[in-house]
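For reference, the structure is listed below as structure tokens.
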Amino acid sequence: MRPNLSKDISIESFKDFYWLKEELQTFCRENGISSTGSKIEISDRIETFLRTGEIKNPIRKTKINRTVESQVHLSLDTVITENHRCSQDVRAFFETVIPKYHFSTYIQNYFKSNVGKTYRDAVDAWYEEEERKKDPTFKKKIAPQFEYNQFTSDFFADPKNQGKSRTEAIEAWNKIKKLPGSNKYEPNNEI
């Protein structure tokens, strides 16, 4: 049975169960912990609090002056900076260069990890990713905080679930997230 999320929960139980971001944020507010940031960041602060009683502050990200950024003329030679944002201006530029352009997790991560490269490099990376997607063995990476998305993707990838509905996948997810341990879909588990 899933325990209540309270100050008295053991670290093992906290880590063993699936918690909605809203539940984590409520716990934080009730205990004077910052409730901002990603689900992973919030979970990390709660775990620190449960282990040590310490209230860990979130890492503040410096804000950039958006008006200055939007006045910059974008071109294939634009250099990706540390403060790069995937803004509407950036989207509009890339749509002029790539006919069916869309932001993806892959390209957003590319911008973050390729400071100093140019938009020309980003265009090449976008096309390379589109080519990889055509490979039948290609499997899109799903970030760890999106456990539900990963579960349903794996559920439908299992041949024994061919023809099953999204409702059946959601029912399976609702069962597994209430159990202790991993929330990953395992083909051999009876859900």
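Against the condition open to solvent by less than 70 Å² (accessible area, probe 1.4 Å), at pLDDT 90 or above, farther than 23 Å from Ser113 by Cβ and β-branched (Val, Ile, Thr), how does Ile80 come out, does it pass? For Ile80, the condition - open to solvent by less than 70 Å² (accessible area, probe 1.4 Å), at pLDDT 90 or above, farther than 23 Å from Ser113 by Cβ and β-branched (Val, Ile, Thr) - is not met. Taking the criterion of being under 16 Å from Ser6 (Cβ atoms), surrounded by fewer than 14 Cβ atoms within 10 Å (Cβ to Cβ) and not basic (Lys, Arg), the only residue of the range 34-54 that qualifies is Gly53. Residues in the range 89-110 that are open to solvent by 40 Å² or more (accessible area, probe 1.4 Å) and within 13 Å of Glu130 (Cβ to Cβ): Pro99, Lys100, His102, Tyr106. Residues of the range 162-191 that are open to solvent by 50 Å² or more (accessible area, probe 1.4 Å) and part of a helix (DSSP H, G or I): Arg166, Thr167, Glu168, Ile170, Glu171, Asn174, Lys175.
Are any residues in the range 114-132 in contact with a helix residue (DSSP H, G or I) (Cβ under 8 Å, 6 or more places away or on another chain) and closer than 12 Å to His84 by Cα, and if so, which ones? Talk me through it step by step, then tell me what you get.
Start the filter on the range 114-132 by keeping residues that are in contact with a helix residue (DSSP H, G or I) (Cβ under 8 Å, 6 or more places away or on another chain), which leaves 114, 119, 122-123, 125-126, 129.
Once the filter is applied, which keeps residues that are in contact with a helix residue (DSSP H, G or I) (Cβ under 8 Å, 6 or more places away or on another chain) and closer than 12 Å to His84 by Cα, the range 114-132 yields Asn114, Tyr119.
For the range 124-146, residues that are at pLDDT below 85 and either among the acidic types (Asp, Glu) or touching an Asp or Glu at 6+ places or on another chain (Cβ under 6 Å) (or both) total 1. Residues in the range 111-161 that are surrounded by fewer than 16 Cβ atoms within 10 Å (Cβ to Cβ) and acidic (Asp, Glu) were compared, and the one that is farthest from Pro187 (Cα to Cα) is Asp121. Collect the residues in the range 10-33 that are hydrophobic (A, V, I, L, M, F, W, C) and surrounded by fewer than 16 Cβ atoms within 10 Å (Cβ to Cβ), keeping them in residue-number order. Those that are hydrophobic (A, V, I, L, M, F, W, C) and surrounded by fewer than 16 Cβ atoms within 10 Å (Cβ to Cβ): Ile11, Leu20. Has the range 54-64 got any residue that is polar (S, T, N, Q) and either assigned to a loop (DSSP other than H, G, I, E, B) or modelled with pLDDT under 90 (or both)? Yes, the range 54-64 contains at least one residue that is polar (S, T, N, Q) and either assigned to a loop (DSSP other than H, G, I, E, B) or modelled with pLDDT under 90 (or both). Filtered by the rule that a residue be within 15 Å of Lys140 (Cβ to Cβ) and either touching a residue at least 60 places away in the same chain (Cβ under 8 Å) or charged (D, E, K, R) (or both), the range 82-130 gives Glu128, Glu129, Glu130.
The values are calculated or read from the model by the stated rules, or taken from the named source; none is laboratory data. From a predicted model like this one, the values you see are computed outputs, not experimental measurements. FYI the Cβ positions are ideal-geometry reconstructions off the backbone, even for glycines, and counts take in every protein chain you see. Side chains are part of the model used for accessible areas, which takes the heavy atoms of the whole protein and leaves out ligands, DNA and RNA. Shrake-Rupley method; radii C 1.70, N 1.55, O 1.52, S 1.80 Å.
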